[in-house]
Amino acid sequence: MMDFPPDTERFFKVVWEIVRQIPAGTVGTYGQIASMIPVPVGVEPEDYEKLGPKWVGKAMNAVSFKDEPSVPWQRVINGQGGISLPAGSEVATKQRQRLEAEGIAFDRKDRVDLNQYGWDGPPPEWIRSKGLYPPRAIRKPPTETPGQLKLF
């Protein structure tokens, strides 16, 4: 397995460009962002399915102090709605504080409700213009409409 994507610099730049699109008060996930990026040349699609989210995490870790103001790294969390940084670490505390300052609430399990705060992705025309894919949905579709009769 590859620790980094074949063209790491290019991959990281694409990740950061996507993350810059996540508005305050919403969160994206590592897997959601990876799902927008075409599989890098030389990587099997099945491998990318596993490696892509990890590579997005590495891109978030690689945000430098110089880039930090323009890359809202705090808005990228794991697929369970949690912060993936070591619990209690200075940077995990900073991430949580930044998210809470944007109005994002955590539950008793220290998770964000992705149905409430999940990002739906950038506009389709932006996605097309960058040669990316629409993001994987992180919100669960509604199971039923209130007041609607169930047929089965």
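The values are calculated or read from the model by the stated rules, or taken from the named source; none is laboratory data. Given the structure is predicted, the values throughout are model-derived calculations rather than measurements. FYI the Cβ positions are ideal-geometry reconstructions off the backbone, even for glycines, and counts take in every protein chain you see.
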(request) Could you grab the pairs with beta carbons closer than 8 Å, sequence gap of 6+ or different chains, first residue in segment 6-34 and part of a loop (DSSP other than H, G, I, E, B), second one of a type in the set (D, E, K, R)? (result) I22/R75; A24/R75; A24/E102; G25/E102; T26/R75
(request) Can you confirm whether segment 71-81 contains a residue that is buried (at least 16 other Cβ atoms within 10 Å of the Cβ), in contact (Cβ under 8 Å) with a residue 12 or more places away in the chain, within 17 Å of the chain's Cα centre (by Cα) and farther than 23 Å from V112 by Cα? (result) no
(request) Could you look through segment 1-53, keep only residues that are under 15 Å from the mean Cα position of the chain (by Cα) and of a type in the set (S, T, Y), and pick out the one that is surrounded by the fewest Cβ atoms within 10 Å (Cβ to Cβ)? (result) T26
(message) Would you confirm, using the coordinates I've provided, whether E49 is free of Cβ contacts under 8 Å to residues at least 12 places away in the same chain, assigned to a helix (DSSP H, G or I), of a type in the set (D, E, K, R) and in contact with a helix residue (DSSP H, G or I) (Cβ under 9 Å, 6 or more places away or on another chain)?
(response) yes
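Is there a residue being within 18 Å of Q32 (Cα to Cα) and either exposed (fewer than 12 other Cβ atoms within 10 Å of the Cβ) or in contact with a Gly (Cβ under 8 Å, 6 or more places away or on another chain) (or both) anywhere in segment 100-111?
Among the residues of segment 100-111, at least one is within 18 Å of Q32 (Cα to Cα) and either exposed (fewer than 12 other Cβ atoms within 10 Å of the Cβ) or in contact with a Gly (Cβ under 8 Å, 6 or more places away or on another chain) (or both), which makes the answer yes.
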(request) Have a look at R136, R128, R96 and point out the one that is of a type in the set (K, R) and either touching a residue at least 60 places away in the same chain (Cβ under 8 Å) or part of a loop (DSSP other than H, G, I, E, B) (or both). (result) R136
(message) Which of the numbered conditions does R128 fail, given that it passes all the others? Conditions: (1) closer than 28 Å to P38 by Cα; (2) modelled with pLDDT of 95 or more; (3) in contact with a helix residue (DSSP H, G or I) (Cβ under 9 Å, 6 or more places away or on another chain); (4) not acidic (D, E).
(response) (3)
(request) Pull up segment 82-99, narrow it to residues that are in contact with a helix residue (DSSP H, G or I) (Cβ under 9 Å, 6 or more places away or on another chain) and loosely packed, with under 13 Cβ neighbours inside 10 Å, then point me to the one that is farthest from I18 (Cα to Cα). (result) P86
(message) Please determine whether any residue of segment 106-116 is under 16 Å from the mean Cα position of the chain (by Cα) and within 29 Å of R10 (Cα to Cα).
(response) yes
